[in-house]
1. List, please: which pairs have Cβ atoms under 9 Å, are six or more places apart or on different chains, and start with a residue in segment 41-52 that is part of a loop (DSSP other than H, G, I, E, B) and end with one that is of a type outside the set (G, A, S) and at pLDDT below 95?
2. Taking segment 73-109 only, how many residues are in contact with a Phe, Trp or Tyr (Cβ under 6 Å, 6 or more places away or on another chain) and touching a residue at least 40 places away in the same chain (Cβ under 8 Å)?
3. Which count do you get for residues in segment 2-40 that are surrounded by 11 or more Cβ atoms within 10 Å (Cβ to Cβ), part of a loop (DSSP other than H, G, I, E, B), touching a residue at least 40 places away in the same chain (Cβ under 8 Å) and not hydrophobic (A, V, I, L, M, F, W, C)?
4. Just one of the numbered conditions (1) surrounded by fewer than 13 Cβ atoms within 10 Å (Cβ to Cβ); (2) at pLDDT below 95 is not true of K74; which one?
Amino acid sequence: MSYAVVKIGGKQYLVSPGMKLKTEKLKNPSEEGGVLKFDEVLLYADGEKIEVGRPRVSGAAIKAEFLGTKKDKKIIVFHYHSKTRLRKKRGHRQPYSEIIIKDINPASK
């Protein structure tokens, strides 16, 4: 089974084909069902063969299918100071992009 470590949106993810992944909101994703390509592969492994990039594995790329942009669960932020009548309640929902890893292309040498 092959897997790779890829950098998406400033974070590193361990991915394998068929994996569903929640990433930071992508700036210009294609429409739903579109194909995305990530070429910042930091490590590629297939069975016993492991290839580590310095800093990237040259020629390696990951293809993914874009499922859409959604919002995460609401986080409540509550500030409270006793004896001063200070109470602030705010909420936040972080947007994220959902993708499915379709294929990992190793470096071609």
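The values are calculated or read from the model by the stated rules, or taken from the named source; none is laboratory data. This structure is a prediction, so every number in the text was calculated from the model and none was measured. Positions of Cβ are backbone-derived with ideal geometry, glycine not excepted, and every protein chain shown enters the neighbour counts.
1. G47/M1
2. The qualifying residues number 2.
3. 4
4. It is condition (2) that K74 fails.
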